[in-house]
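This report refers to the structure that appears directly beneath it.
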Amino acid sequence: MQLAYIAYCEDIPGSLNTYIPEWKAVWVPTKSIKGQFAFIAYNGSQNAVSIIGSILDFSWGSFDNWFG
């Protein structure tokens with residue numbers, strides 16, 4: 001759940017370091033695509049992909065996501 005929560009943060013690596021320092025960001029994209037966003041983290045023995053598809057702000061991208 002913490003990884004899912006951190007997917008909503010502006011600074012993924014910094015948020016991981018603050019809230020769950022055993023996890024490090026492996027890959028973080030520069031922007032979301034049509035309201036979708038994901039990042040990959042690693043804790044030394046496991047990889048995790050955290051994906052969000054929720055739309056927090058209305059935009060044409062979110063409109064296309066819901067109705068396209």
**OP:** Sort out which residues of region 21-37 are outside any strand (DSSP E or B), at pLDDT 90 or above and in contact with a strand residue (DSSP E or B) (Cβ under 9 Å, 6 or more places away or on another chain), and write them in order of number.
**Re:** Trp23, Val28, Pro29
Subject >> Filter result (of a type in the set (A, V, I, L, M), surrounded by 13 or more Cβ atoms within 10 Å (Cβ to Cβ) and within 12 Å of the chain's Cα centre (by Cα)) within region 1-21 >> reply: Leu3, Ile6, Ala7, Ile12, Leu16
Original post:
Counting just the residues of region 1-20 that are aliphatic (A, V, I, L, M) and not in a helix (DSSP H, G or I), which one comes out farthest from Gly61 (Cα to Cα)?
Top reply: Ile20
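What number of residues within region 1-24 satisfy the criterion of being touching a residue at least 24 places away in the same chain (Cβ under 8 Å), closer than 14 Å to Asn43 by Cβ and of a type in the set (Val, Ile, Thr)?
1
The values are calculated or read from the model by the stated rules, or taken from the named source; none is laboratory data. Owing to the predicted nature of the structure, the values given are computational and were not obtained by experimental measurement. Quick reminder, even Gly has a Cβ in these numbers, built from the backbone with ideal geometry, and neighbours come from all protein chains shown.
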